[in-house]
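The values are calculated or read from the model by the stated rules, or taken from the named source; none is laboratory data. Nothing here was measured: the structure is a model prediction, and the numbers come from that model. When we count neighbours, we look across all protein chains shown, and the Cβ atoms used for this are built from the backbone with ideal geometry, even at glycine.
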Amino acid sequence: MLKLDAVTKTYRQSGNEIHALQSVNLKLDDGQFVAIRGPSGCGKSTLLLTAGGLLRPDHGSVEIDGTSLYHVSSAERAAVRQAKIGFVFQQFHLIPYLNVLDNVLSATIGTKSQLAEKKDRAERLLKQFSMSHRRMHRPGQLSTGEKQRVAMARAMLNQPSLILADEPTGNLDKENADVILQQLRALSNDGVTVVLVTHDDHASAAADDVIRMEAGSLMLE
Amino acid sequence: MGVGRMILMEILHRKWNFLLLLLVLGMVVAYALTSMQIIAAEQQQTEAKVAAMDDDIRKTMKDLGFNINILPKDQQLVDFYANDFADKTMPYEFVQRLADSEFVSSLNHLRPALIQKVDWQEQNRQVLMMGVSGVVPWTHRSNAKKPMSDPVPADSMNIGSALAKQLGVQKGQDVVLNGETFKVNKIYDPRGTKDDITVWIDLKRAQTMLNLPDRINLIQALECNCASIDRLAEIEKEISGVLGEDVQVIELSASATARAKARTNIANEGKLRLAELAKTSRTRTQWLVALGAAVVGFLAYFNVRQRQFEVGVLRAVGAPTSRILMLFVGKLLLAGLLGAVAGIAISLAACKLGLVGVEGISSNNWFAHISGPTLAAVFVLTPALAVMAGWLPAAIAAGQDPALILSEE
């Protein structure tokens, strides 16, 4: 479960204040799949980073499965991110020097337990995304669709309870976008909370609910 | 996912960055180690030169010996050198005490003499008259060696060549010196020294003529055989052990003396050259280390810039700051260790191929000049240098705000 309570984030640039998040309240249950839409600069990415424990809000609290992310230490927050949150980015952000399998396994960095199990799971995920034949290839040898599938597999490796996807289909053709959206849908069906930031009508149609964001505030569409 | 594996994969991916790191660190290590080789070779050469001189001096002393004069203690040397004889005298007994001593081992051929410049009234000229008694035999030593000089018979006189020529005397002829008659026993061949205007007579007769009974003013010790370079001190010690402080010892100019001085000069010049070399090498090494550190720092910073999205993603997937730091520091540590190996290899290769341009340096004696602790220090200090130089960029990378990086896309 994801809960944002009166979350405020303001950027100050050259004397100007930009209210990226204005007292945002959001409560998502397990398995809920929401799409957040809005114009560029309305605070969508800030919302995602704040919800993911990567950007401390000025005010308010963020809770994931009962853990208040910004009331724990940095190391504990990192552990929560690793265990409970999966990120998917528009630019994939695969590590260029690691092969596909190692990229998926990069989500285990810092952990010493269950590595064999994680590797088995990584192999299964790659099979699920039809990427087994590419497991030893580097990101530079993959198509954009394949890259995003690997990024999805990485996000899913630790069986998170929350997936935060920032324009995951923004660079993909319809066919590859569908693969990602179907996967997000499937995750949601399995009880994973999914937050999808998108401009795309097709993508937002895959979600249970669509939330509109404007000038740092959320409005249910 | 292990950090070690990620480090290795990243190194293989960005080979040039790592190779440049290795090259820079390797060059710093190679320069420092090769400088040590040069200094060690210079030191060895200087020591070899000094040792050769020492050996030469010893051989000279052994084969040729050297001569000393034993003079009365109160004799002013300036007068001795000006007059060619000592105006002070000492008892003849001194030479006998030396000959009787078991303590004296470095002296050979003790030859007492009483020398004075006298007016040869009959010839109306001044000559050096030397009363001699030949070599005094050793009491406790073998006297098998052929004496350095024979005594002059009591009724005879030996004459230097120039004097004999001017006086027109011949061997066997009688001559009168201040009322004393002598038979010319020997006329020496020209020697090119004051010997050519000297007359030699029996010591006893000279003592009588000069009214100095049982007195002498010189003991010549010929072909002394000291092994040490500081032989005069050694001889003085032996003589003072027998005669106390009643005499003084001077060394006659000899090739051995010149060699000893040259040896001292070489040793001193070698020390100066080594000190200068060490100073230059130290300064250059310090500059090179600073330059190397700057380049390593730049390469580390460049690497961090290249990998900022990677850092952002790793932070997003839950990698703690310490792991990110380890990714960069681990790479620097590995670069340091391999840089040390590369430096040793470069230094060895430079020595083997003769690129150093200093005599006496080769890869054969490379390890002889570098001690175990020095090698150990290289393997500790090089990674330390790499980590220190790259620490700041690595810390910056680890401390990067992932939100800032990831929102840059």
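Values computed for the structure shown
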{"quantity": "Residue ID - surrounded by the fewest Cβ atoms within 10 Å (Cβ to Cβ), chosen from residues in region A:41-52 that are in a loop (DSSP other than H, G, I, E, B) and more than 9 Å from chain B (Cβ to nearest Cβ)", "calculated": "A:41"}
{"quantity": "Any pair with Cβ under 8 angstrom, 6 or more apart, that starts in region B:115-133 at a residue that is closer than 19 Å to residue B:152 by Cα and ends at one that is of a type in the set (Ser, Thr, Tyr)", "calculated": "B:127/B:198; B:128/B:198; B:129/B:198; B:130/B:198; B:132/B:149"}
{"quantity": "Members of region B:64-91 that are touching a helix residue (DSSP H, G or I) at 6+ places or on another chain (Cβ under 8 Å), crowded, with 20+ Cβ neighbours inside 10 Å and within 21 Å of residue B:128 (Cβ to Cβ)", "calculated": "B:68, B:70, B:71, B:86"}
{"quantity": "Hits in region B:311-335 (condition: surrounded by 23 or more Cβ atoms within 10 Å (Cβ to Cβ) and free of Cβ contacts under 8 Å to residues at least 24 places away in the same chain)", "calculated": "B:314, B:317, B:318, B:319"}
{"quantity": "Matching residues in region A:62-108 - criterion: being over 17 Å from residue A:155 (Cα atoms) and of a type in the set (A, V, I, L, M)", "calculated": "A:62, A:69, A:72, A:75"}
{"quantity": "Residue tally, condition aromatic (Phe, Trp, Tyr) and free of Cβ contacts under 8 Å to residues at least 12 places away in the same chain, over region B:363-380", "calculated": "1"}
{"quantity": "Selection status of residue B:348, surrounded by fewer than 15 Cβ atoms within 10 Å (Cβ to Cβ) and farther than 30 Å from residue A:55 by Cα", "calculated": "no"}
{"quantity": "Meets criteria (buried (at least 17 other Cβ atoms within 10 Å of the Cβ), touching a residue at least 60 places away in the same chain (Cβ under 8 Å) and within 57 Å of the chain's Cα centre (by Cα)) for residue B:295", "calculated": "yes"}
{"quantity": "Filtered residues of region A:67-83 (kept if more than 7 Å from chain B (Cβ to nearest Cβ) and basic (Lys, Arg))", "calculated": "A:77"}
{"quantity": "Tally, over region B:1-15, of residues that are of a type in the set (A, V, I, L, M, F, W, C) and either exposed (fewer than 15 other Cβ atoms within 10 Å of the Cβ) or more than 9 Å from chain A (Cβ to nearest Cβ) (or both)", "calculated": "3"}
{"quantity": "Flag for residue A:12 being farther than 21 Å from residue A:88 by Cβ and of a type in the set (Lys, Arg)", "calculated": "yes"}
{"quantity": "Residues of region B:361-378 satisfying the condition of being buried (at least 16 other Cβ atoms within 10 Å of the Cβ) and out of contact with any Cys (no Cβ under 8 Å at 6 or more places or on another chain)", "calculated": "B:369, B:370, B:378"}
{"quantity": "Elements of type strands (runs of 3 or more DSSP E) in region B:146-208, at least 3 residues being touching an Asp or Glu at 6+ places or on another chain (Cβ under 9 Å) and either without any contact (Cβ under 8 Å) to a residue 60 or more places away in the chain or among the aromatic types (Phe, Trp, Tyr) (or both)", "calculated": "B:174-177, B:180-187"}
{"quantity": "Cβ-Cβ under 7 Å pairs, at least 6 apart or on other chains, region B:381-409 side within 14 Å of chain A (Cβ to nearest Cβ) and surrounded by fewer than 21 Cβ atoms within 10 Å (Cβ to Cβ), far side in a helix (DSSP H, G or I) and among the hydrophobic types (A, V, I, L, M, F, W, C)", "calculated": "B:400/B:311; B:405/B:309; B:405/B:311; B:407/A:49"}
{"quantity": "Candidates B:44, B:37, filtered to the one that is surrounded by fewer than 18 Cβ atoms within 10 Å (Cβ to Cβ), away from every other protein chain (no Cβ under 14 Å) and either within 37 Å of the chain's Cα centre (by Cα) or aromatic (Phe, Trp, Tyr) (or both)", "calculated": "B:44"}
{"quantity": "Qualifying positions in region A:163-178 - of a type in the set (A, V, I, L, M) and either touching a residue at least 60 places away in the same chain (Cβ under 8 Å) or surrounded by fewer than 18 Cβ atoms within 10 Å (Cβ to Cβ) (or both)", "calculated": "A:163, A:164, A:165"}
{"quantity": "Residue count for region A:84-106, restricted to those that are facing chain B (nearest Cβ under 7 Å) and at pLDDT below 90", "calculated": "4"}
{"quantity": "Tally of residues being outside any helix (DSSP H, G or I) and either under 14 Å from the mean Cα position of the chain (by Cα) or surrounded by 14 or more Cβ atoms within 10 Å (Cβ to Cβ) (or both) across region A:70-79", "calculated": "1"}
{"quantity": "Filter result for residue A:64 (modelled with pLDDT of 90 or more, more than 30 Å from residue B:17 (Cα to Cα), within 16 Å of the chain's Cα centre (by Cα) and away from chain B (no Cβ under 12 Å))", "calculated": "yes"}
{"quantity": "From B:273, B:263, B:259, residue being part of a helix (DSSP H, G or I), surrounded by fewer than 17 Cβ atoms within 10 Å (Cβ to Cβ) and modelled with pLDDT under 90", "calculated": "B:273"}
{"quantity": "Selection from region A:185-218 of residues that are charged (D, E, K, R) and at pLDDT 90 or above", "calculated": "A:185, A:190, A:208, A:209, A:212"}
{"quantity": "Residues of region B:304-318 satisfying the condition of being assigned to a loop (DSSP other than H, G, I, E, B), in contact with a strand residue (DSSP E or B) (Cβ under 9 Å, 6 or more places away or on another chain) and on the phi < 0 side of the Ramachandran plot", "calculated": "B:317"}
{"quantity": "Checklist (1) touching a Pro at 6+ places or on another chain (Cβ under 6 Å); (2) closer than 20 Å to residue B:236 by Cα applied to residue B:134, failing item", "calculated": "(2)"}
{"quantity": "Looking only at region A:107-137, and only at residues there that are of a type in the set (Gly, Ala, Ser) and within 14 Å of chain B (Cβ to nearest Cβ), the one that is nearest to the chain's Cα centre (by Cα)", "calculated": "A:107"}
